[in-house]
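To start, the structure under review is shown below, and the notes come after it.
The values are calculated or read from the model by the stated rules, or taken from the named source; none is laboratory data. All values derive from a computational prediction rather than experimental measurement. A quick note on method: Cβ atoms are made from the backbone with ideal geometry, for glycine too, and the neighbour counts reach across all protein chains shown.
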Amino acid sequence: MAESRSGRRWSDSPSTIFPDYKSSIQRGPGKAPISVPGWDRSLSLRPVWPQLPEGDADLTANGRVNGDPIGERILLEGGLTDEAGRPVPGALVEIWQANAAGRYIHREERHPAPLDPNFLGAGRAVSDAGGSYRFVTVKPGSYPWNNHRNAWRPAHIHFSIFGAGIAQRLITQMYFPGDPTLPYDPIFNATADAAVRNRLIARFSMEESVPNWAHCYRFDIVLSGSAATPFEEEQDHD
Amino acid sequence: MTDLPGFGRMNPKDRGGPHDYLYPDAGSGPVSAGPTPSQTLGPFFAYGLTPGAYGYPLPEIHSNDLAGPAVAGSRITVEGQVFDAAGVPVHDAMVEILQADGQGAYAERPRNDGFTGYGRFGTGSEGPGGDKRFLFRTIKPGATEPGAAPFIAAILTMRGLLNHCITRIYFPEDALAQDPVLAAVPEERRRTLIAEAIGPGHYRFDIRMRGERETVFFDV
């Protein structure tokens, strides 16, 4: 039997076309997505990930050439759960970001801020049996973009998450608490409900900060759907 | 002010002033419980999500080749372009595919033949998608459920897209009439989900974000 679809929570999502974010005007689909009576088991079947390279979750090390990257080292931790609050183990969590000066290594980036020879700005992790992930990185800088005059993206870290199946795909961005540019950012504000979009802001955790080493930010992520694979199955290949 | 080192690089007229957009108090106030909202992946994802294809130094863990030498099945190539509302091909989209093997079985754990059923391609302007195409080498999937037609699921995301889009790639030679998902799509839009055969084992599947032939996306 086909599994019934879960459907996305559109009330908890940004507007697909949000005119203040100019790229969305030409690129958002014009028609509403179609509900289906069922999909198939890939809806809640986790794809197979290859073994991640050693140290892939430490962005202060995986781009190292001859020293530490410049910037404020941070721990970035969080838990993945489904809408029912159950942990999502085995999810692929990929992050990418600008360096501390607000510069991405992408070749098409033109912001006149320095590259950091010891910082790549991308990392990956797989959530553990309790649904937790952990990265070490540096706090990214804000960077300018061309959406409008004097447009600055708030400091943010991009997240790509693939949980248990297609229904648990999420691509998002994490922001930092107290960022003064958040009220000016059309991407952050494309989600209309303030209490919903505030889920995108990490929480500073003094409890999990490490003395003489790094601040900790927590970013807990709730994936839509509640079609987690049974835990017994996870133990086979974690 | 202009005697400050470096300040001459900046034109004071370009500073500050009334802002085009302002969402007062954004970033403060309460947080509700629920799913984390989606955001665009932005323009600079290639070095993190599809690094190998673009020559970035992060080791590649996904590719666009799903049909390794040990994988059984009929070899196919699926390529296409993503067109925006103005019909312009998109040069910074990422297409992911997920599919079953030739027998209709998904890879549920690492397999001896190396088949994962999952692949990625970025349509970036300087990598293999320099012509703004995506391309996958894979095998023809089998039907995953009785009565359903074989399909490849595709997930689309790009700069400017605040919520990812999910569609299905069907094949023109298959019996499609009984497929329950196709049946849920208005008849005049079904053709947007069926790839075009452009050669032996070679298919084209274009994705259109707007217009008369706007691709059907599903609410999953």
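Computed values, structure above
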read-out	value
Positions within the stretch A:144-153 being in a strand (DSSP E or B) and either surrounded by fewer than 21 Cβ atoms within 10 Å (Cβ to Cβ) or at pLDDT below 95 (or both), in sequence order	A:Pro144, A:Trp145, A:Ala151, A:Trp152
Members of the stretch B:157-196 that are closer than 14 Å to B:Arg213 by Cβ and in contact with a helix residue (DSSP H, G or I) (Cβ under 9 Å, 6 or more places away or on another chain)	B:Thr167, B:Val185, B:Arg190, B:Leu193, B:Ile194
Yes/no for B:Ala107 being outside any strand (DSSP E or B), free of Cβ contacts under 8 Å to residues at least 60 places away in the same chain and either in contact with a helix residue (DSSP H, G or I) (Cβ under 6 Å, 6 or more places away or on another chain) or within 9 Å of chain A (Cβ to nearest Cβ) (or both)	yes
Filtered residues of the stretch B:84-96 (kept if buried (at least 22 other Cβ atoms within 10 Å of the Cβ) and either small (Gly, Ala, Ser) or part of a strand (DSSP E or B) (or both))	B:Ala93, B:Met94, B:Val95, B:Glu96
Residue ranges of strands (runs of 3 or more DSSP E) in the stretch B:116-220 with at least 2 members within 8 Å of chain A (Cβ to nearest Cβ) and surrounded by 19 or more Cβ atoms within 10 Å (Cβ to Cβ)	B:152-158, B:165-169
Test: residue in the stretch A:103-120 that is part of a loop (DSSP other than H, G, I, E, B) and on the phi > 0 side of the Ramachandran plot	no
Residue match in the stretch A:189-205 (condition: closer than 20 Å to A:Gly123 by Cα and assigned to a helix (DSSP H, G or I))	yes
Residue identified as away from chain B (no Cβ under 14 Å), farther than 24 Å from B:Glu108 by Cα and either surrounded by fewer than 24 Cβ atoms within 10 Å (Cβ to Cβ) or over 16 Å from the mean Cα position of the chain (by Cα) (or both) among A:Gly102, A:Gly78, A:Gly71, A:Gly63	A:Gly71
Number of positions in the stretch B:66-83 that are touching a His at 6+ places or on another chain (Cβ under 9 Å) and surrounded by fewer than 21 Cβ atoms within 10 Å (Cβ to Cβ)	2
